[in-house]
Amino acid sequence: MRKILLATAATACLALTACNGTTGGDADPKPTPTATPSAGQPATPLPSATVSPSTPTDNGSAAQALGTSARTVGAKFVGIVEITPTNVVHARAGDGQTSRYGTFVVITTLDASLSANAADEETTDGTVGGWQWIGSNGQTVSEGKGNAFKVSIAGYDSLGRIEPGARQNRAEIFDLTPEQAKGGTLVYTDSTKASYRWKIPAADAGPDVAAVKQRLG
């Protein structure tokens with residue numbers, strides 16, 4: 001009789017275990033985490049770039065040094081443009097024009113298309129896209145304001161799309177007050193609204209300053 005009771009109890013215990021769930025070995029596995037790309041970093045290469053717009057982001061808390069390259073998404077989300085600020089020149093006048101506010105700050109860049117698509121910089125719209133200058137006093141000025149849009153520098157006046165594998169010399173020109181021109185931060189915002197920053201010194205700097213000054217006139 002004792003054996004029959006023990007067998008009955010064992011059977012009931014097994015049935016209870018089955019009803020109440022599974023053992024530890026049958027527990028639901030934890031979900032496998034998936035990696036996500038860093039914010040604002042475009043994929044490379046980009047054979048047929050299709051990038052969704054994003055909210056404005058800052059690709060780095062600290063501004064980079066003059067001569068440092070940044071890979072940006074091209075205008076209208078097409079292609080990859082590598083931008084390298086190369087020289088900075090301060091001038092009262094240039095190309096037959098006089099600064100309206102006191103100082104032209106000319107920053108030359110070397111742009112390269114790194115994808116299979118012809119690509120271009122985002123156009124300055126005065127608010128978010130394109131090039132801006134943030135002075136040491138905190139004031140923000142868009143490229144081409146004042147008399148800056150009237151100035152062109154031979155050899156640094158390339159415009160339009162850059163073919164795959166090609167490079168172009170360009171110039172960003174700002175018309176600033178003497179206070180604004182005492183060093184500052186150069187900011188470029190691409191088509192995804194990602195911002196790239198460079199710290200620009202208050203004095204002329206770069207390997208081709210003499211040539212830029214000569215062409216500036």
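The values are calculated or read from the model by the stated rules, or taken from the named source; none is laboratory data. Just so you know, these numbers come straight off a predicted model, no measurement behind them. Here the Cβ positions follow ideal geometry from the backbone for every residue, glycine too, while neighbour counts run over all protein chains shown. Ligands, DNA and RNA are excluded from the accessible area calculation, which covers all protein heavy atoms including side chains. Shrake-Rupley method; radii C 1.70, N 1.55, O 1.52, S 1.80 Å.
Translational diffusion coefficient of the stretch 100-196 (Stokes-Einstein, Kirkwood radius from Cα pairs, 20 °C, 1.002 mPa s): 153 µm²/s. Sorting S152, S99 by accessible area puts them as S152, S99; the probe is 1.4 Å, largest comes first, and only protein heavy atoms count. What FRET efficiency do you get for K76 and T98 if R0 is 25 Å and r is their Cβ-Cβ distance, rounded to the nearest 0.05? E(calc), rounded to 0.05, equals 0.10.
Cross-link pairs exceeding 25 Å in C-alpha to C-alpha distance, out of K145/K193; K145/K213; K76/K213; K150/K213; K145/K182, comprise K76/K213. To put it simply, the accessible area of the stretch 118-217 at a 1.4 Å probe is 48 percent carbon and sulfur.
Charge tally around Q139: other residues with Cβ under 14 Å, Lys/Arg +1 each, Asp/Glu -1 each, net 0. Between A210 and L159, the C-beta separation translates, for a Förster distance of 25 Å, into a calculated FRET efficiency of about 0.55.
The packing ranking of peptides 114-124, 181-191, highest mean first, is 181-191, 114-124, where packing means the average number of other beta carbon atoms within 10 angstrom of each residue.
Per-residue extension of 0.36 nm, minus the Cα-Cα distance of T68 and K150, leaves a gain of 26.8 nm for this segment.
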